[in-house]
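Inspection log for the structure reproduced underneath, given as structure tokens.
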Amino acid sequence: MVTCDALEAERTPLRLVGVRDFGARGDGLSDDREAIQRALNFGAAQVLVPAGTYRLGGTLRLPSGSWLKAHPQAHFVLADE
């Protein structure tokens, strides 16, 4: 039995966005939290984080159904306040 949800999922393309497209730098100096949050809030199914060091000056909130996919060489560090 195929449900309406399953049919809708087949028709909905998997949307990918990258955090750098939203202003994240990954340079280890800039606070990238706001840019990463903007990418998460965009509504894509997957948010890609390329290699780099991403400083976070606060909490990230992942919307339901979102995936944060980080490159193996992507590092997250808490920014000093």
Original post:
What residues have an amide H closer than 5 Å to that of Gly18, excluding those fewer than 5 places away on the same chain, when H is modeled at 1.01 Å from N in the peptide plane?
Top reply: Leu48
**OP:** Determine the per residue accessible area of segment 21-75 with all protein chains present and a 1.4 angstrom probe, expressed in square angstrom.
**Re:** 58
**OP:** May I ask for log10 I(q)/I(0) of segment 39-81 at q = 0.14, 0.22, 0.35 Å⁻¹, from a Debye sum over the Cα atoms as equal point scatterers with solvent left out?
**Re:** -0.35, -0.80, -1.15
Subject >> Residues listed by number, segment 26-65, amide nitrogen under 20 Å from Val77 label point at 7 Å toward C-beta >> reply: 26-37, 49-60
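The values are calculated or read from the model by the stated rules, or taken from the named source; none is laboratory data. Being a predicted model, the structure only gives us computed values, none of them experimental. Cβ coordinates were reconstructed from backbone atoms using ideal geometry, including for glycine residues, and neighbour counts include every protein chain displayed. In case anyone asks, the SASA skips ligands and DNA or RNA and just uses the protein heavy atoms, side chains included. Shrake-Rupley method; radii C 1.70, N 1.55, O 1.52, S 1.80 Å.
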